[in-house]
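Have a look at the structure below before the remarks.
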C-alpha cells in the first residue's frame, strides 16, 4: 500500500501542511491553518486514526493545544490544555513540543512548555497534568531563560522502557527520569557551563536540541550552544563530536532511522545566521565521528537567515527524507538522506517547527 | 438584561464561531462572570494563571476599560457593550 507523506510546518502566523506520495516529488500545500496563531509544535498521530495536535500561542492570548481530525480543515481547542496552577507561580507562555508516549501507552502524549515544564496527557490530549517531579526539582530556582526563553524543547522516550525519559531545556540542560517522571537526574556531565548567574553549578547548560540514536537507547546526541556532543551511557556523560563541523553554534539536530545525523551550523552565538552566508547542512554517517557537507542543491547565493531548533526533521521512509525551514520561510528537503536538496516552492512566515508524518494511503 | 459582546476574530473559535454575541447579567460583574463561565475556552486567552487579565488584553465596557473602573457592580443598561480588544503593542 502506498504511503502518504505530510510535512507539518509551523510558523509564527499559522501552520502549513505539504502532502506528497512516498516518492516525495510533487507537493500539495494546504493552509494557512490556524492563521494568526504562532504554531511552535505539531504532531501527526496515527494511533487512533489520523489526528494532528498543534501547540498554538499568541503573545497577547497565551498558549493552548488545538486538535484536528480532518488534516487541518477544522480545529478544536483543548479546554484542559497544559496550564500551571495559580499556586505554582509559573506562567505557561508557549508549547514547544508535543510527542507521543511510549508505544505501550497509545493514549499518552507529552508536552514540553515555556516556562520550562513537562505535561502529560493520558487521554489522547483531552486533559493534561503537570509532571511536578520535574518542576519541583531542587535546582528549579536556578533555571534561567536563554535567548529563546525558558523552554523545555526536547522530550525523548526510551523505546524499551516507558518509564525512562530524557528532557532538555535551554540554558538548563538535560534531565533523565528512570521512574516515569517521579524523580529526575541532572545529566550535564561533560557539557560546558554557560554563565547564568545562578548558584547551581550542575545546571546552566544550554542544550539546543537532542536526539536519540534509533538503534541504541543509551546513545544520544545534542547540539549545544558551544558544540556538538554525544553520550553512550544514557546521558550520564557527554563527549564532543565536532570533527568537520565548521562552527560549534547551531540549533537543530535530527537523526534518521539508519542513524545518519544532521546539523545546521551557524556563524556564532553573536551572529546567528548561516556560517559565512552559506546555507549548508552537515551530515555524519558514522554516529558523529566525522561530519561533512550534506549533498548539493542548496542555494549558492548568500543566505543570512537561520534555522530554529525544531525546524529540521526527517521522515520514516527509506531512504530518509530530510526537511528544514528557515527564518525567512523557505522550506528545503532531500528525499535521499541529504544527497540532493531541493526547495519546496513556497515563501512562508518564519518557520518555527517542521515535523513529518507518514500515513498508509 | 443582555449585553452585546465582541471578541477579536482570532478568538472566534472559542465562542462558537461568532465575533458578536450576547451575555446575560444584571450587572457588569455578573456579565463578566457569565462570560467566563459560558466560554471557558475564551477564559484562558483573556486571563492568566493568576486569574489576572493578560497584560495586552483590554476589555472595554462601553467607552471605558474595565481595568480603570473603581467598581464592577454597575447595573447594565439597554445598549451596553463589552468589547474584547488587543492592546496596540507596537509594530
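Bear in mind that the values in this text are calculations on the coordinates, not laboratory data. Being a predicted model, the structure only gives us computed values, none of them experimental. No Cβ is skipped: glycine too gets one built from the backbone with ideal geometry, and neighbour counts run over all protein chains shown.
Just the ratio, please: alpha-carbon radius of gyration of region B:2-86 over 2.2 N^0.38 Å, N its number of residues.
That ratio works out to 0.99.
How large are Rg and Dmax for region A:37-238 when calculated on the C-alpha trace, in angstrom?
16.3, 49
Among A:205, A:257, A:51, A:66, rank each residue by its count of other Cβ atoms within 10 Å, from fewest to most, as a rough exposure measure.
A:257, A:51, A:66, A:205
What are the extents of the Cα atoms of region A:218-361 along their three principal axes, listed from largest to smallest and rounded to whole Å?
Principal extents (Cα only, largest first): 44, 42, 24 Å.
For region A:60-81 and region A:178-254, what is the separation of their Cα centres, given in Å?
For region A:60-81 versus region A:178-254, the Cα centre distance is 32 Å.
Per-residue mean of other chain beta-carbon atoms within 10 angstrom of the beta-carbon, peptide B:36-45?
Values: counts 0, 0, 0, 0, 3, 6, 2, 1, 10, 7.
Going residue by residue through B:36-45 and averaging, the value is 3.
At residue A:23 and residue B:9, where each label point lies 7 Å from the Cα along Cα→Cβ, what is the point-to-point distance in nanometres?
With each label placed 7 Å out from Cα toward Cβ, I get 3.9 nm.
Let me test this: with uniform point scatterers at the alpha carbons of region A:66-135, what is the Debye-based log₁₀ I(q)/I(0) at q = 0.23 1/Å?
-1.06
Given 37 °C and 0.692 mPa s, compute D for region A:21-66 with the Stokes-Einstein relation, Rh being the Kirkwood radius over Cα pairs; round to the nearest whole µm²/s.
Details: Rh = 12.5 Å.
Rounded, D is 262 µm²/s.
From the helices alone, meaning DSSP H stretches of at least four residues, give me the mean residue ellipticity at 222 nm for the protein assembly as shown, per-run term -39500 (n - 2.57), in deg cm²/dmol to the nearest 500.
After summing the helix terms and dividing by the residues of the protein assembly as shown, the value is -1000 deg cm²/dmol.
In Å³ and rounded to a whole number, note down the convex hull volume per residue for the Cα atoms of chain A.
Residue-normalised Cα hull volume stands at 126 Å³.
Using the count of nearby Cβ atoms within 10 Å as a rough guide to exposure, how do A:68, A:121, A:353 rank from fewest to most?
A:68, A:121, A:353
Based on the Kirkwood radius over alpha-carbon pairs, what is the Stokes-Einstein translational diffusion coefficient of region A:216-277 at 4 °C with 1.567 mPa s viscosity, in µm²/s?
The Stokes-Einstein estimate is 106 µm²/s.
Please report the orientation-averaged projected area of region A:137-292, defined via the convex hull of its C-alpha atoms, in nm².
8.7 nm²
Within 10 Å of each Cβ of A:51-63, how many other protein chain Cβ atoms are there on average?
4
State, in angstrom, two size descriptors of region B:28-69 derived from its alpha carbons: Rg to one decimal place and Dmax to the nearest whole number.
10.2, 27
What is the distance, in nm, between label points placed 7 Å from the Cα along the Cα-to-Cβ direction at residue A:316 and at residue B:60?
It is 5.1 nm.
Set the Förster radius R0 to 56 Å, insert the Cβ-Cβ distance between residue A:129 and residue B:68 as r into 1/(1 + (r/R0)^6), and round the FRET efficiency to 0.05.
After rounding, the FRET efficiency stands at 0.90.
Which of the peptides B:62-73, B:46-57, A:76-87, A:38-49 is most tightly packed, and how do the rest follow, judged by the mean count of other Cβ atoms within 10 Å per residue?
A:38-49, A:76-87, B:46-57, B:62-73
Just the projected area, averaged over all directions, of the convex hull on the alpha carbon atoms of region A:1-82: how many nm²? All intermediate terms of the calculation are to be shown ahead of the outcome.
Values: hull surface 23.4 nm².
Hull-based average projected area comes out at 5.9 nm².
What percent does the relative contact order of chain A come to when contacts are Cα pairs within less than 8 Å and at least six residues apart?
Rounded, it is 13 percent for chain A.
Averaged across A:212-220, how many Cβ atoms of other chains sit within 10 Å of each residue's Cβ atom?
That average works out to 0.
At what distance in nm do the modelled label points of residue B:77 and residue A:198 sit from each other, each positioned 7 Å from its Cα along Cα→Cβ?
About 5.3 nm, to one decimal.
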